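One structure below.
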Amino acid sequence: MKRLSIFVSGNGTNLQRIAEYFLEDWEVEIVNVVCNNPKAYAIERAKKLQIPVRMIDKEEFNGEAFVKELQSLGIDLIVLAGFLWKIPEALVKAFPKKIVNIHPALLPKYGGKGFYGEHVHEAVVAAREPFSGITIHYVNELYDSGEIIMQAHVALDEKETPDTLAAKIHQLEQAYFPVAIEEVLKAIQ
Ligand code: GRF
């Protein structure tokens, strides 16, 4: 049995998809959803999915007790599914290659501080990039720069807008994120 903790800050569509994907997989359990935003719709989704929600503030998040809490829960993999805080060094060290993130662009371009949500798609469209996509990667101490696990591409149309691009990226996320997580879990002993 592999035990997941999913960190969220927003809508939670990725959380929903991952939870549904693993619903009938008895080898994978989503132990909790960690949320830093009391207004996140992801909280409602987690409740409906009957997954315990652990709300957290910045001080607690950056403290040692939280690392111990995750360890004592026996978490095998932390999944960042639209989580907007930087992961503290102590947590990265305690979970080496056991934290994965999804980024809605083709890293290393359009990553780093400030590149989140619609800001990413606005920048990609403004630069008239021919392609964008998703990047699923391990998390290190810096934003969006850990080892890449997989990428998927999509072409931009001439009339592409940030909104139409966001919809395309959303489809890629829904298709690939759970599968990538499953592969990462297989590699964890
Ligand atoms: C996704 O686009 C993801 O790539 C990014 O944040 C967004 C989260 O969406 N890191 P949701 O909260 O899962 O709906």
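Return the residues of the stretch 163-183 that are more than 16 Å from the ligand (Cβ to nearest atom) and either part of a strand (DSSP E or B) or surrounded by 14 or more Cβ atoms within 10 Å (Cβ to Cβ) (or both); say none if nothing qualifies.
Correct list: GLU182 only.
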Checklist entry - Taking only pairs six or more apart or across chains, which ones have beta-carbon atoms under 9 Å, a first residue in the stretch 103-125 that is in contact (Cβ under 8 Å) with a residue 40 or more places away in the chain and among the charged types (D, E, K, R), and a second residue that is within 9 Å of the ligand (Cβ to nearest atom) and assigned to a helix (DSSP H, G or I)? => result GLU118/ALA166
Item to check | Matching residues in the stretch 39-61 - criterion: being acidic (Asp, Glu) and either modelled with pLDDT under 95 or away from the ligand (no atom under 15 Å from the Cβ) (or both) | outcome: ASP57, GLU59, GLU60
Checklist entry - Among the residues of the stretch 149-162, which ones are out of contact with any Ser or Thr (no Cβ under 6 Å at 6 or more places or on another chain) and either touching a residue at least 24 places away in the same chain (Cβ under 8 Å) or surrounded by 18 or more Cβ atoms within 10 Å (Cβ to Cβ) (or both)? => result ILE149, MET150, ALA152, HIS153, ALA155, LEU156, GLU160, THR161, PRO162
Item to check | Candidate set: the stretch 133-146, residues that are at pLDDT below 95 and at negative phi; chosen: the one surrounded by the most Cβ atoms within 10 Å (Cβ to Cβ) | outcome: GLY146
Next on the checklist: touching a Phe, Trp or Tyr at 6+ places or on another chain (Cβ under 8 Å), of a type outside the set (Phe, Trp, Tyr) and not in a loop (DSSP other than H, G, I, E, B): is that true of ILE134 in this structure?
Outcome noted: yes
Checklist entry - Within the bounds of the stretch 73-89, is there any residue that is on the phi > 0 side of the Ramachandran plot and more than 11 Å from the ligand (Cβ to nearest atom)? => result yes
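In this structure, is VAL31 away from the ligand (no atom under 16 Å from the Cβ) and touching a residue at least 40 places away in the same chain (Cβ under 8 Å)?
Values: away from the ligand (no atom under 16 Å from the Cβ): yes; touching a residue at least 40 places away in the same chain (Cβ under 8 Å): yes.
Yes.
The values are calculated or read from the model by the stated rules, or taken from the named source; none is laboratory data. Note that the structure is predicted; figures quoted are calculated from it, not measured. We place every Cβ from the backbone using ideal geometry, glycine too, and count neighbours over all the protein chains shown.
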